[in-house]
Amino acid sequence: MENLISWLRSNVTLDTILALLGFGFAIYEIRKTKSAVIASKEASEKTVQLLSDRSTISDIATIINGLRETQTALRGNRHEAALLRLQDLREKLYELRNREGFTSEERLTQIQTMVFALKKLQDGLETTLSTSTQVKISVPRSNSQLAEFAVQISGWREEMHYIDRSNQE
Amino acid sequence: MKPEIRAIVEGLLRKSKEDKVAWVHASTLANLNAETEINPSEQDFAVSTANFTINLYYSLSDDPDQNRPIRLNILNEMGELVTFDVIYDFEEEYDLMVELVSLARKYVRGEDKLLKKIMEGLQKPGVFGLNDDDVPF
């Protein structure tokens with residue numbers, strides 16, 4: 001023990017002590033900065049997620065509006081307007097396939113069922129518009145189906161709102 | 001019938017017989033002539049998975065003396081037609097297709113389940129058509 005004390009007295013200078021203190025402080029600062037970087041990264045990821053959720057909620061609202069506009073167009077026998085809406089709806093639904101919360105097998109099958117039904121209605125309208133055919137679209141049946149889709153999609157919007165709130169916590 | 005479509009039809013038939021294909025009505029057409037036509041919703045069925053849809057329906061025929069051909073469409077995620085086949089009544093697979101449409105119709109209507117329930121009710125003792133739980137006293 002005495003040897004150690006004597007060695008320290010002869011070798012450790014004020015410079016060494018200051019250098020050690022400085023080194024410790026530097027490590028402390030680095031760790032603090034690293035935590036801040038991680039926190040900042042997490043915050044930016046949450047913000048991106050939040051923006052993505054907002055975008056999906058907005059797209060869902062657009063889809064519901066599109067379904068209602070299609071129903072109105074069908075009731076008024078405005079088949080050309082209905083066709084335009086149906087094409088937009090199919091594209092919007094297709095875009096949802098890669099969004100957060102929409103990639104499960106069950107949700108994708110629901111989207112596929114809707115996209116197909118909209119295409120079927122679209123084809124039926126196109127046939128109706130052609131002059132040589134006697135085929136006629138059933139407006140009550142089609143509108144009932146579109147209403148069912150709107151209800152189902154409203155449920156998805158509620159789910160997204162729930163995810164939205166949990167992100168803000 | 002295309003060989004690849006035949007394989008699909010046979011697979012669908014096997015699964016439909018086991019009541020394991022989630023068929024849905026697919027028609028959006030109105031019934032123009034109720035006396036001569038089958039209700040369009042009774043002849044147009046589809047089943048969807050996450051990535052594709054198979055649609056099966058009686059197609060319109062130009063020849064009134066001929067049975068209506070049955071068409072099978074396979075559509076992708078955008079609802080675009082990927083492949084199809086039309087089977088006419090002179091083809092050997094026509095009966096397979098008729099059976100498949102019939103099974104799809106039964107599934108959508110819930111016909112087998114309902115008939116089974118009726119038979120179960122008829123086999124029980126007591127009054128048929130009166131649920132014991134509904135009797136207040």
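Bear in mind that the values in this text are calculations on the coordinates, not laboratory data. Just so it is clear, the structure is predicted and the values come from calculations on it, not from any experiment. Here the Cβ positions follow ideal geometry from the backbone for every residue, glycine too, while neighbour counts run over all protein chains shown.
Which distance in nm do the two modelled labels at B:Lys124 and A:Glu80 give, with both placed 7 Å along the Cα-to-Cβ direction?
6.0 nm
Using only alpha-carbon positions, what ratio does the radius of gyration of segment A:20-169 give when scaled by 2.2 N^0.38 Å?
Working: Rg = 23.7 Å, N = 150, 2.2 N^0.38 = 14.8 Å.
Output field value: 1.60.
Over all directions, the average projected area of the alpha-carbon convex hull for segment A:13-103 comes to how many nm²? Walk me through the intermediate numbers first.
Details: hull surface 31.4 nm².
That works out to 7.9 nm², a quarter of the Cα hull's surface.
What FRET efficiency would be calculated for the residue pair A:Arg54, B:Arg109, taking the C-beta separation as r and a Förster radius of 35 Å, to the nearest 0.05?
Details: r = 43 Å, r/R0 = 1.22.
Step by step, r from the Cβ atoms, then E = 0.25.
Show me, for segment A:154-160, the HN-Hα J-couplings you get by feeding each phi into the Karplus relation (A = 6.51, B = -1.76, C = 1.60, θ = phi - 60°), rounded to Hz, glycine and proline as x.
4, x, 5, 4, 4, 4, 5
Quick check on the protein assembly as shown: helices-only [θ] at 222 nm, where DSSP H runs of length 4 and up contribute -39,500 (n - 2.57) each and the sum goes over total residues. Nearest 500, please.
Values: 8 runs with 189 residues, N = 306.
Computed ellipticity for the protein assembly as shown at 222 nm equals -21500 deg cm²/dmol.
Two-decimal Rg/Rh of the protein assembly as shown from alpha-carbon positions, Kirkwood Rh? Numbers along the way, then the final one.
Working: Rg = 32.0 Å, Rh = 24.5 Å.
Using only Cα positions, Rg/Rh for the protein assembly as shown is 1.31.
Separation of segment B:91-107 and segment A:4-82 by C-alpha centroid, Å?
That distance is 56 Å.
Straight-line reach from A:Lys34: which lysines have a Cα under 28 Å away, not including same-chain ones fewer than 8 places off?
Within reach: A:Lys46.
Expressed as a rounded percentage, what relative contact order does chain A have, with Cα pairs under 8 Å and six or more residues apart?
On the way: 93 pairs, mean separation 44.5, N = 169.
Relative contact order for chain A comes out at 26 percent.
May I ask for the Kirkwood hydrodynamic radius of segment B:57-103, worked out over all distinct Cα pairs and given in angstroms to one decimal? The partial results should precede the final answer.
On the way: mean 1/r = 0.0865 Å⁻¹.
About 11.6 Å for segment B:57-103.
Straight distance only, please: which lysines reach the Cα of A:Lys119 with their own Cα at less than 19 Å, same-chain residues fewer than 8 apart left out?
Qualifying lysines at Cα under 19 Å: A:Lys92, A:Lys136.
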